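To keep things clear, I will list the structure first and then write my remarks on it.
The values are calculated or read from the model by the stated rules, or taken from the named source; none is laboratory data. Everything numeric in this text was worked out from a predicted model, so none of it was measured. Note that each Cβ is placed from the backbone with ideal geometry, even for glycine, and that neighbours are counted across all protein chains shown.
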Amino acid sequence: MVLPIVRYPEAVLRAKCRPITEVSEETRQLADNMLETMRAANGVGLAAPQVGVDQQLAVIDVSHNPECISYLRVNGEPADMVQHMPVVFLNPRLELGKAKETDEEGCLSFPSLRGDIRRSADIKVTFQTLEGQTITMETDGLLARAFQHEIDHLNGILFIDRMSAAAKVSLKRKLKRLMEEWEEE
């Protein structure tokens, strides 16, 4: 089922999400619905707070672009990215690489808003799966950026928080319009 996507400035987007201690049928259904919602919105990732749930659950699928990364290691072994998509992850722990890169990002909770965001080029993320496994992925490119973006959501951090001061000033009118539209709903 396609769920409504929560839009800025809903309070749940600023929530520090609760860890998931037990995977229930409700958790599995939420993950399935989130994947369907993400795909319907043409997104590459979606975090639970974006559908109004303050739990540490997110989904990513970058399989549409197999060239978007230069490497993927799963539990220390080289892996084929497409075979590991989509990723449904719970309770992630993120380690950032030292090298940084800037690229344009958007967010499903900020319709029609995009901006340049500086993030780590490489990451290592450890998370639980719906099956209770603990997985560690190391990667770069769009997949690394998507993990960072979605994990930020689980910590109440929005991509606009990562923009430069100049970028925020240039987007001030668009952000104000989003706030006004939200107040009218």
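Some notes on this structure:
- Checking every residue in segment 142-165 against the condition of being in contact (Cβ under 8 Å) with a residue 40 or more places away in the chain, farther than 27 Å from VAL53 by Cβ, in contact with an Asp or Glu (Cβ under 8 Å, 6 or more places away or on another chain) and of a type in the set (Ser, Thr, Tyr) gives at least one match.
- Yes/no for GLU184 being surrounded by fewer than 16 Cβ atoms within 10 Å (Cβ to Cβ) and at pLDDT below 95: yes
- For segment 105-154, a residue qualifies if it is among the polar types (S, T, N, Q), surrounded by 20 or more Cβ atoms within 10 Å (Cβ to Cβ) and out of contact with any strand residue (DSSP E or B) (no Cβ under 6 Å at 6 or more places or on another chain), and exactly one does: SER109.
- Condition check for SER70: without any contact (Cβ under 8 Å) to a residue 40 or more places away in the chain and over 30 Å from VAL169 (Cβ atoms): no
- When residues in segment 133-166 are screened for being part of a loop (DSSP other than H, G, I, E, B) and either at pLDDT below 95 or under 14 Å from the mean Cα position of the chain (by Cα) (or both), 6 of them pass.
- Residue that is nearest to HIS149 (Cα to Cα) [pool: residues in segment 89-128 that are modelled with pLDDT of 95 or more and in a loop (DSSP other than H, G, I, E, B)]: CYS107
- For segment 93-123, the set of residues classified as free of Cβ contacts under 8 Å to residues at least 40 places away in the same chain and of a type in the set (D, E, K, R) consists of ARG93, GLU95, LYS98, LYS100, GLU101, GLU104, ARG114, ASP122, listed by residue number.
- Of all residues in segment 11-34, those being in contact (Cβ under 8 Å) with a residue 24 or more places away in the chain, in a loop (DSSP other than H, G, I, E, B) and either in contact with an Asp or Glu (Cβ under 6 Å, 6 or more places away or on another chain) or over 13 Å from ALA47 (Cβ atoms) (or both) number 4.
- Residue in segment 69-84 that is closer than 22 Å to GLU138 by Cα, assigned to a loop (DSSP other than H, G, I, E, B) and in contact with a Gly (Cβ under 8 Å, 6 or more places away or on another chain) present: yes
- Taking segment 39-63 as the range and being assigned to a helix (DSSP H, G or I) and either touching a Phe, Trp or Tyr at 6+ places or on another chain (Cβ under 6 Å) or crowded, with 18+ Cβ neighbours inside 10 Å (or both) as the test, the residues that pass are ALA48, PRO49, GLN50, VAL51.
- Considering the conditions (1) among the small types (Gly, Ala, Ser); (2) touching a helix residue (DSSP H, G or I) at 6+ places or on another chain (Cβ under 8 Å); (3) over 17 Å from ALA58 (Cβ atoms), GLY156 is excluded by exactly one of them, (3).
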